[in-house]
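Heads up: the structure comes next, in C-alpha cells.
All of the numbers you see were taken from the coordinates with simple rules; none came from a lab. All of these numbers come straight from a predicted model, not from anything done at the bench. Using ideal geometry, Cβ is built from the backbone for each residue, glycine included, and neighbour counts are taken over all protein chains shown.
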Amino acid sequence: MGEQYAVEMRDICKSFGSVAANRNVSLNVKPGEILALLGENGSGKTTLMNMLSGIYKPDSGSILLDGREVIINSPEDAKRLGIGMVHQHFKLVDVFSAADNIWLGDDSSGAVLKKGRYDVIGNMAKKFGFDIDPRKKVYNMAVSEKQTLEIVKVLYYGAKVIILDEPTAVLTVQETAKLFDVLRRMKAEGHAIIIITHKLNEVLELSDRVSILRKGEYICTVDTAATNEQQLTEFMVGRKVELNIQRPVVDKTRPLLEIRDLTIRNDEGAVAIDKVNFYIRGGEILGVAGIAGCGQKELCEAIAGLRPIESGMMIHKGDNIVGLSPKSILEKGISMSFIPEDRLGMGLAPSMSVTDNMLLKKYDQSKGPFVDRKAGRAEAQQVIDELEIVTPSTETPVRRLSGGNVQKVLLGREIKAGPNVIVTAYPVRGLDINSSYAIYDILNRQKKDGVGILFVGEDLDVMIGLCDKIIVLCHGKVMGVVHAHKTSKEELGLMMTGALDLTNKYEDKPAGIAKDSRIGEEGEEKP
C-alpha cells in the first residue's frame, strides 16, 4: 500500500474564462507535516487552496482526505471535514466583536449569544499564545489584529487540516515566532498544515517539504532540508534571479516635506504619534521601522491628509500644510502618492475593474462630462505590461486578482500619477520574491528621479539594504534616525523595543530639533 496522506489533490484543473489558473496540479501533505506552497503571484496557489477549502469547485480532478475521495461544495463542507483556511484577505464582519466573529460561526454555540463567550474566546486565545481583546470591534482593529483573529478563529473550530495564506504578512517578529510555536505544536499533535508564503526564510525555518507552482502548473516538491533560497527562487521563476537589493547614490536635494513636533491620535483616542520630527528629502528613501501598531499607520495617513493632526506642523516650502485636504496639498505643489497597507479596504475599489481603479486617481481631471476610459484603459494596460500583472483583461475586477497582483495594480496607479513624494506602507506585502525585487527597482528609479520616499516596512534586512536612512518608532516616539549602512538588525531591534534611545546620541539628528526650517545634517551644507 502507498503512503497515507491527510490530503491528496490529484490532477486538479480550474479555469476562469480563458485563463487557466490550475492545470493538472497534484499535491499531497501528510499528517504531522508542514508543507510550504510556493509560486509567483498568479501561479495558482490561492486558487488551489480555495478549492480545498470549498470556495471554488475544481473543473476536473479529485480530492482525497485520509485516502477517501470527498466532494467539497462549500466552506461548510470543508469545515465539517476538518479543513480550515486563513485567507490573505480577511473574512470578518467589521461591526462584530472578535468573539462574535468566532462564536457565530460555531454550529455548536447555539442561536443565542451567551455572556460567557468573551471568557471562552479569550481563554482559548491565551492557550495558543495569542493576545487579543475578545470584546474589541473588528473595525477598530489594526491589520495585524485582524490577521491574528483569523488564525484564532480557525484554531477554535478545531480543524485537522490547516491552510494559511500569507499568515505572517502583517505579524511582528514576535507574533510570527508565537505563530510558528503554535504550528509546531499542532504538527506534533498530527495536524496537516499547508502554508502559502513568499518569505523564503520562513519556508526554510518552518516547513518539512516545499511544493512549487509556476503559471498554474505543478513543478516539483523538494525536502526543505535539501534546498536553499536560490534554488527555490529558480524553481518559482524558471530562471536564475539575482537576490541583491541596490541602493543607488543620488545627489541630495532640499527637504520636500518637514515633519515637526507631530502628534496624532488613533481611532480610539490614544496618542499614536508623539511629537515626532523628521524630513522627507528628494532622492532619498527614508525607512520607518517599528513593531506593528506603534503609529506607522496613523503617521502615513496623517501625511497623506487622511487623518486629523492634533498638533505640530508639516512644512513645505515654508508653508504649514496641516489641515489641508489631499487636493489642497496637491495645489500647494506636493504631488503625493499614498500606498496604504490595506490595499483592498483602503487603496482600491475591489468591485471595480483595473481600468476604473486607474481612473480613480484622475477622474476629476476630465475636460468634459464623461471620463476618458480609453486613456484609462491604455494606462491600465501599460501598468499590466510593466509590472507583469496576471489578469484576464483591463476590465477584470481587482477583487478577482491574486493578492500580489492587487498590490501591483495599486503601486502602478500611484507611480503613474508622477508624485514627488511617495508614502508607502508594506509595498511588497504578499508579493513573490521576483516581484518584490521588481518593486524595489521601481522605487529606486523614483528615487533617481528626485522623488522623496517614506518606506514603512517589516523586513529589517530589506530596509537596511534599500533605505538611505531609517527612523525608528517605539510607542509613537522616535528612538533615533540612523544611516542604513551604519546600523544593524540588532541595533534596530533594540530601538524598536525602547531598549536603546539614540535621539540625542546619533550623529544624524532628525529635522525639527532646531526651530529653523532650513535643517541640515552634521557635516553637510544646509539646503
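In a simple Cβ point-charge model (Lys, Arg +1; Asp, Glu -1; nothing else charged), the stretch 199-341 has a dipole of about 560 debye relative to its Cα centre.
At full extension, Phe96 and Leu64 could sit 8.0 nm farther apart than now, given 0.36 nm per residue minus the alpha carbon distance.
Taking a ≥ b ≥ c as the square roots of the eigenvalues of the Cα gyration tensor, the stretch 141-272 is classed as oblate, since a/c reaches at least 1.5 and a/b does not exceed b/c.
Remark: the Asn73-Lys127 segment gains 16.2 nm on full extension, using 0.36 nm per residue and subtracting the alpha carbon distance. Figure legend: label point modelled 7 angstrom from the Cα of Val271 along Cα→Cβ; residues of the stretch 472-489 with amide N under 12 Å from it are 475-478. Each of Lys361 and Asp119 was given a label point 7 Å from its Cα along the Cα-to-Cβ line. The distance between the two points is 5.4 nm. Other residues within the sphere of radius under 15 Å centred on the Cβ of Ser15, judged by their own Cβ, net out at +2 (K and R +1, D and E -1).
Dipole size of the stretch 262-391 about its Cα centre, with +1 on Lys/Arg Cβ and -1 on Asp/Glu Cβ: approximately 400 debye, rounded to the nearest 20. Listed values for the stretch 78-87 are Karplus-derived 3J(HN,Hα) couplings in whole Hz (6.51 cos²θ - 1.76 cosθ + 1.60, θ = phi - 60°), namely 4, 5, 5, 7, x, 10, x, 10, 9, 7, and x replaces Gly and Pro. Close amide-amide hydrogen proximity is noted between Gly287 and Phe455, Asp468, Lys469, Ile470, Ile471, each under 5 Å apart and 5 or more residues distant or on a separate chain (H modeled in the peptide plane; Pro and chain starts excluded).
Residue by residue, the stretch 95-104 carries 3J(HN,Hα) couplings of 7, 8, 6, 4, 4, 5, 4, 7, 4, 6 Hz when phi is fed to the Karplus relation 6.51 cos²θ - 1.76 cosθ + 1.60 (θ = phi - 60°); x denotes Gly or Pro. Put simply, when 42-52, 326-336 are sorted by average Cβ atoms within 10 angstrom per residue, most first, you get 42-52, 326-336. Net length available on complete extension from Met352 to His485 is 43.7 nm, with 0.36 nm assigned per residue and the Cα-Cα distance removed. Picking from Leu262, Phe180, Ala349, whose Cα lies most toward the positive end of the charge dipole for the chain (charges on Cβ: Lys, Arg +1; Asp, Glu -1)? My answer, from the dipole projection, is Ala349.
Under 5 Å from the amide H of Tyr218 lie the amide H atoms of Arg23, Ser26, each residue being 5 or more positions distant or on a separate chain, with H modelled from the backbone and absent for Pro and chain starts. Find which of Gln246, His485, Leu387 sits farthest along the positive direction of the dipole of the chain, computed with +1 on the beta-carbon of Lys and Arg, -1 on that of Asp and Glu, about the Cα centre. Comparing the listed Cα positions along the dipole, Leu387 ranks first.
On the beta carbon distance between Thr253 and Asn201, with R0 = 41 Å, the FRET formula returns roughly 0.70. In this simple spin-label approximation, Glu189 and Asp449 carry label points 7 Å from Cα along the Cα→Cβ vector, and these lie 5.2 nm apart. Based on the Kirkwood approach, the hydrodynamic radius assigned to the stretch 179-218 is 11.4 Å, with every pair of different Cα atoms included.
Its DSSP H runs of at least 4 residues, each contributing -39,500 (n - 2.57), put the calculated 222 nm mean residue ellipticity of the chain at -8500 deg cm²/dmol, to the nearest 500. In plain terms, the residue of Lys14, Lys317, Lys240 with the fewest other Cβ atoms within 10 Å comes first and the most crowded comes last, giving Lys240, Lys317, Lys14. The candidate values are [x] 37; [y] 21; [z] 62; the one derived from this structure for percent of Cα pairs over 42 Å apart carries the label [y].
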